[in-house]
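What follows draws every value from the coordinates through simple rules; no lab data is involved. Remember, it's a predicted structure, so these values are computed and weren't measured experimentally.
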Amino acid sequence: MKNKFLKLLFVMSIMTLVMASCNNSPKAKENELENAQEDVVEAKDALQQSTQDSISDYKTFISSIELKLEKNQRLIDNQKAIINSSKNDSKEIYEKELAQLEEKNEKLKEKIKNYNQGPSEKWELFKVEFNKDLDDLGKSISKMAENNKKK
């Protein structure tokens, strides 16, 4: 009898433990569902904000690049006018260099115009490479202007 009582007590304690650890009440499930719904709403808001930030970053970058490209074109046009008005013997050389610089400027315009926005990692890499190319072009134009002033 004592043995049966101990077995019954053991089984009851295990069942109590199992029931206590398994909280399958409708109230608990409802709380879990509410938490999951809140997480989904927060994730959607974060995604929307991230998308807006990305679009804003893209538009800001494009605007600044277009301004720089226009400035480059004005500088090139200015150098063309200076060369055409001068009586320099190496006028042809400068005209060829300016034509190359103008072509690079046009290629950069096309590159930014035709860019299809992809993953953010690809966008960041594109910006770095594009800025480097644009800086190199700007330095070349400045160097050309400086050399032209010396002669």
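Over segment 61-150, what lengths in whole Å, largest first, do the semi-axes of the equivalent ellipsoid take, defined as the square roots of 5 times the eigenvalues of the alpha-carbon gyration tensor?
30, 11, 10
From the phi of every residue in segment 115-127, what ³J(HN,Hα) in whole Hz does the Karplus formula 6.51 cos²θ - 1.76 cosθ + 1.60 yield, where θ is phi - 60° and glycine or proline is x?
5, 9, 5, x, x, 4, 5, 5, 5, 4, 5, 4, 4
Using 0.36 nm times the number of residues separating LYS59 and ASN114, minus their current alpha carbon distance, what extension gain do you get?
That pair, LYS59 and ASN114, stretches by 18.4 nm at full extension.
Mind checking the full-extension length gain between GLN48 and ASP89? Use 0.36 nm per residue of separation minus the Cα-Cα distance, one decimal, nm.
8.7 nm
Using θ = phi - 60° and the Karplus curve 6.51 cos²θ - 1.76 cosθ + 1.60, what whole-Hz ³J(HN,Hα) does each residue of segment 77-85 get, with Gly and Pro shown as x?
Result, rounded to whole Hz: 4, 4, 5, 4, 5, 5, 5, 5, 8.
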